[in-house]
Structure formats: C-alpha cells, structure tokens
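The structure under discussion appears below in the form of structure tokens.
The values are calculated or read from the model by the stated rules, or taken from the named source; none is laboratory data. None of these values were measured; they are calculated from a predicted model. Note that each Cβ is placed from the backbone with ideal geometry, even for glycine, and that neighbours are counted across all protein chains shown.
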Amino acid sequence: MNCRGADVGTGRTPAAASPGLADFTTAQTLLATHHNGEPLTAEQGFPLRLVVPHLYGYKCAKWLRGIEYMTADRRGFWEERGYHNLADPWKEQRYSHQEREGDGPST
C-alpha cells in the first residue's frame with residue numbers, strides 16, 4: 001500500500017506512508033475524519049488521516065490524498081529517510097539499520 005499525504009501549506013515534499021496490506025486491512029486501522037467527536041484539525045491531519053495503531057506513527061499519513069494498491073513493496077517517505085519498513089513498536093523496529101532479510105523491498 002502507498003498512502004499519499006500532502007504537507008499542506010508547509011512547502012515540503014508530500015509524505016507517503018507504506019503500510020503492508022495486512023496492516024492496512026486490520027479491523028483496528030482507520031481512515032479518520034474526527035477525533036473525540038470533533039472534526040480533525042489541520043494539525044491532526046484534516047480532512048482525512050490514516051491511523052494504524054499497532055505501528056509507529058510514521059506509518060499513519062496525515063492529509064490523506066490517495067491510496068495506491070501496489071504489486072510490490074516500495075518504501076514510503078520516512079522509510080527512504082532511514083526508518084524501518086515494517087515499523088512494529090513491539091519488536092522495536094524503528095530504524096532501517098535494524099531490518100533483516102525480507103523486511104524491506106527487494107533492491
């Protein structure tokens with residue numbers, strides 16, 4: 001999955017999160033428009049935010065603008081900058097130097 005966000009008004013490159021299909025389709029994963037009954041603010045990712053609660057936050061795109069189904073894994077914005085491709089906090093998978101064979105896309 002490639003979930004494209006837009007860093008609205010920041011002048012930065014739009015960020016993309018790349019959770020795996022199994023992570024994206026769990027019952028806990030949300031496409032959120034509200035938080036505690038109130039519409040999301042711009043800081044929280046208005047109008048739409050991907051929430052994948054069982055992964056590190058960099059897998060949760062703010063200002064969601066598109067979802068792309070891919071046939072092969074591709075690193076997202078943060079993974080290209082040194083963060084772990086799988087991002088499981090219970091396994092402490094935070095940085096790419098911790099990746100094992102098969103954790104990331106084939107090169």
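Side notes on the structure shown:
- Annotation note: Cβ proximity below 7 Å between a residue of the range 1-18 that is at pLDDT below 60 and a residue that is surrounded by 13 or more Cβ atoms within 10 Å (Cβ to Cβ) (sequence gap 6+ or interchain) occurs for Val8/Trp63.
- Only residues that are surrounded by 14 or more Cβ atoms within 10 Å (Cβ to Cβ), closer than 15 Å to Asp103 by Cα and not aromatic (Phe, Trp, Tyr) were counted across the range 60-89, and they come to 10.
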